[in-house]
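Quick notes on the structure that follows.
The values are calculated or read from the model by the stated rules, or taken from the named source; none is laboratory data. In this text, all values refer to a predicted model and were calculated from it rather than measured experimentally. Cβ sites come from the backbone with ideal geometry, for glycine too, and all protein chains shown count toward neighbours. Please note that ligands, DNA and RNA were not included when accessible areas were found on the heavy atoms of the full protein model with its side chains. Shrake-Rupley method; radii C 1.70, N 1.55, O 1.52, S 1.80 Å.
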Amino acid sequence: MSWEETYAVWNSRTDLDDTVREDLARIEGNNEAIEDAFYAPMEFGTAGMRGVIGAGINRMNIYTVRQATEGLARLMDTLDEKTKLRGVAISYDSRRMSQEFAFEAAKVLGAHGIPSYVFESLRPTPELSFTVRHLHTYAGIMITASHNPKQYNGYKIYGEDGAQMPPKESDMITKYIREVDDLFAVEVADKDSLINDGTLKVIGSEVDEAYLENAKEVTIDRELVAEEGKTMKLVFTPLHGAGGMLGEKALRQAGFEDFTMVPEQAEPNSEFSTVEHPNPEFTEAFDLAIKLGKSQKADLLVAVDPDADRLGAAVRQPDGEYELLTGNQIAAIMLNYILTARKNAGTLPDNGALVKSIVSSEFAAKVAADFGVDSIDVLTGFKFIAEQIQHFEETNEHSFMLGFEESYGYLIRPFVRDKDAIQSLVLLAEVAAFYKKQGKNLYDGLQELFEKYGYFAEKTTALTFDGVEGAQEIKNLMIKFRNETPKEFAGYKVVAAEDYQSSVRTDSEGKSEEIKLPKSNVLKYILEDGTWIAVRPSGTEPKIKFYIGTQGDSLAQAHEKCDQFDAAIAEYIKK
């Protein structure tokens, strides 16, 4: 059907959910808004789906959530009875409609006789990953839009290993979802009846306690934390999200006592009333933390995003101001501490491995190499880091030291199989204590790493293309980069081009070799000075992203080179 016909079907129904009916009334007469909401179904990929909350097949609402869950349920219907009855764990963050979406999913599963384990209140994404493993469920559902603005929500499916559903199963779910022609015909069971017969189980503190017991493994030097943790001043903000309760408990359990949660942001709030973008990558997310930090002369400020899988940090400088660290810098600092502490304790394995995404800095890799630790690059998406962890456990080929993505996601201990800001919060506090004992802070530690390994800088630029024409614009740009391989950027020659969709790496002399990673729509260019530039469309937002990683004789020079390459990319796009 055309978008006009689909809109007419929705608009003619008298039994619509109230929130959907209200949104239909809001967009009435606005053809541009109606077309965007109804022109195509929401994309469902290996990262699930994410979109604006509202009426339409291209929006997050109870009907699109039911449709997605029906896809998972139909996949589980093909399994043997024992596997199917392991059920699905479900969690959700502080966003608007999150709890409603979680229980709608449980009602769809219940109509198929599939058990669900739904948290009594909001919990972080990493705890959902843990819960799948802890309860041995077949799958998990997380209702979250991560760090997106307040008008968004999303839906992610996790596999039985606790990682996001792998491509094979995800593709099958997508196939089943597309078979659901009538979203309004998806059968749902009665919530109270499901609870009464035990098909829907509400979970909470017992799982929190199990997670926290495992989180004790994150602390490396307990004596250090016991000594410094009582007085090291830390400011923590969950940015109105799901990380507050578990983050506070994890810090106290580890031995950190002198920390303060930003009061205005401590409680869950779907409006994110103090910050437009609840994203720890952005300076504005730290405005209130910086104000509080200055009043307390706090050593470290930490912010986690609404579903507590990403973590950002700011450190106090000698002049009392705070400097934000990048995700790549945080990873390098944490890795250096992990490897140093393990080496000093005599517990550093001979086969240690760092696992990072192909668009993350080489900074941490330099640190790893200095300790004799291998670095393994994987595609963007933490499920690929989780795959490596599983491989290590099955083969004993490597011992997992740290996994990270440049977008502020890290995993310390693999009892979780996704990025985990709660673990990262505890470890980063320990690293800060390590430097505090030496009369330094994390900023000093970073300068030491720069002096030892080189000055690394990175930059990510995202171009947003909304609406019907936006998706085609993104496709056209990828075609341009793929078919017209750049020869140089900012005067630096491209010495190799990597196409992860064709799995081919081609050098400037035309020699080719296979890239032994799964296929993905990513392009990467290696320049003669060691700089790398990557291009990829976002899997969850209407964006195309450009990543730059470079190195200089000083941090200022490295940042200047980033800006030069960013301008060169913009110039290439205009041609």
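Of the Cα atoms belonging to segment 1-118, the radius of gyration and Dmax stand at 15.6, 51 Å. In this structure the amide hydrogen of TYR92, modeled in the peptide plane, comes within under 5 Å of the amide hydrogens of ARG123, ILE143, none closer than 5 places in sequence on its chain. Karplus-derived 3J(HN,Hα) values for segment 378-389, using 6.51 cos²θ - 1.76 cosθ + 1.60 with θ = phi - 60°, are 10, 5, 5, x, 5, 4, 6, 5, 4, 4, 5, 4 Hz; glycine and proline are entered as x. The relative contact order of the chain, computed from alpha carbon pairs under 8 Å that lie at least 6 residues apart in sequence, is 11 percent. Each Lys or Arg adds one and each Asp or Glu takes one away; over the other residues whose Cβ falls under 10 Å from the Cβ of MET401, this sums to 0.
Here's how it looks for SER375: its modeled amide H is under 5 Å from those of LEU354, which are all 5 or more places away or on a different chain. Listed values for segment 208-216 are Karplus-derived 3J(HN,Hα) couplings in whole Hz (6.51 cos²θ - 1.76 cosθ + 1.60, θ = phi - 60°), namely 4, 5, 5, 4, 5, 4, 5, 5, 4, and x replaces Gly and Pro. Residues in segment 299-427 average 27 Å² of solvent-accessible surface per residue, probe 1.4 Å, ligands and nucleic acids excluded. For the listed residue pairs LYS291/LYS440; LYS459/LYS561; LYS475/LYS545; LYS107/LYS175, the alpha carbons are over 18 angstrom apart in LYS291/LYS440; LYS107/LYS175.
Please list, or write none, the aspartates and glutamates whose alpha carbon is within less than 14 Å of the alpha carbon of LYS383, excluding same-chain residues fewer than 8 places away. Partners within reach: GLU160, ASP161, GLU169, ASP309, GLU405, ASP418, ASP420.
Here, segment 432-575 has an Rg and a Dmax of 17.9, 56 Å when only alpha carbons are counted. In the chain, a dipole from Cβ-located charges (positive for Lys and Arg, negative for Asp and Glu) runs towards its positive end, and of TYR63, LEU75, CYS562 it is CYS562 whose Cα lies farthest in that direction.
Seen from SER121, the other residues with C-beta closer than 11 Å to its C-beta sum to a net charge of -2, counting Lys and Arg as +1 and Asp and Glu as -1. The aspartates and glutamates within cross-link reach of LYS297, meaning a Cα-to-Cα straight distance under 14 Å and a gap of 8 or more places when in the same chain, are ASP258, ASP319, GLU321, GLU323.
Here the 3J(HN,Hα) profile of segment 281-291, calculated from phi with Karplus coefficients 6.51, -1.76 and 1.60 at θ = phi - 60°, is 6, 9, 4, 4, 5, 9, 3, 6, 5, 5, 4 Hz, Gly and Pro shown as x. Surface composition of the chain: carbon and sulfur atoms hold 46% of the protein heavy-atom accessible area at a 1.4 Å probe.
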